[in-house]
Structures are given as C-alpha cells and as structure tokens.
Amino acid sequence: LKGEELSAAAPERRAELRGGAMAMIFQEPMSSFDPLATIEEQMLDARLAHAARPGGPLAGLGRSAAREAARAEAVTALRAVGIPD
C-alpha cells in the first residue's frame with residue numbers, strides 16, 4: 001500500500017490502515033451484511049471500530065456519546081441513499 005509491504009506488517013498496523021487508507025467493499029449483497037443483525041448494528045460496529053480509536057473523529061467521547069454520534073452519521077448516510085427509516 002503506497003510502497004508499504006503489508007503482508008509482514010503487525011496486526012496493529014493493519015488495523016490502523018483499515019477504514020482510512022484501505023478498505024474492502026464486498027460486491028455480493030448476500031455476504032456483505034449479517035442477516036441476523038440490523039443494518040444499524042453493523043454500521044455502528046464498523047464506524048466505532050475505526051472512528052473511536054485514538055486520533056479518530058470520535059476519540060475522546062464517552063462510549064454512549066460515541067455511539068450516538070456514530071448513529072447520527074449512519075442515519076445521515078442511509079437518508080443520503082434513500083433509506084430514511
């Protein structure tokens with residue numbers, strides 16, 4: 001990735017890059033989401049995993065405040081693609 005060899009990188013380094021510098025977008029809708037979890041749960045899990053880490057936009061917020069901020073972002077994103085509810 002931009003000249004950095006990732007196959008030998010520490011798991012922590014790869015975690016730092018995920019969601020910012022690199023991501024995977026699955027094209028098969030049946031494998032993209034967990035049918036046993038709500039879209040909200042899955043979007044929040046992903047956002048909190050990346051944005052709440054040190055240096056992230058939700059870092060420093062308490063757990064419930066970060067969750068509410070992530071939920072507001074998810075609602076905004078869903079509305080932007082025509083899924084308001």
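Per-structure values
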item	result
Accessible area per residue, Å², the chain with all protein chains present, probe 1.4 Å	77 Å²
Solvent-accessible area, 1.4 Å probe, carbon plus sulfur percent, for segment 8-85	59 percent
Integer Hz, Karplus 6.51/-1.76/1.60 couplings in order for segment 3-16, x for Gly and Pro	x, 8, 7, 9, 5, 9, 6, 5, x, 5, 5, 5, 5, 4
Prolate/oblate/rounded call for the chain, Cα gyration tensor, a/c under 1.5 rounded	oblate
Rounded tilt (10° steps) of 63-80 against the dominant C-alpha axis of the chain	70 degrees
Heavy atoms of Asp34: accessible area, 1.4 Å probe, square angstrom to 10	70 Å²
Along the chain, longest interval not containing exposed GluC sites (Glu not before Pro), exposed being DSSP loop plus at most 16 other Cβ atoms within 10 Å	6-85
Contour minus Cα-Cα distance for Leu78 and Thr38 (0.36 nm per residue)	13.1 nm
Given charges at beta-carbon only (K, R positive; D, E negative), |dipole| of the chain in Debye	280 debye
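The values are calculated or read from the model by the stated rules, or taken from the named source; none is laboratory data. These numbers were taken from a predicted model, which means no experiment stands behind them. Note that each Cβ is placed from the backbone with ideal geometry, even for glycine, and that neighbours are counted across all protein chains shown. Just the protein is used for accessible areas: all its heavy atoms, side chains included, with ligands, DNA and RNA removed. Shrake-Rupley method; radii C 1.70, N 1.55, O 1.52, S 1.80 Å.
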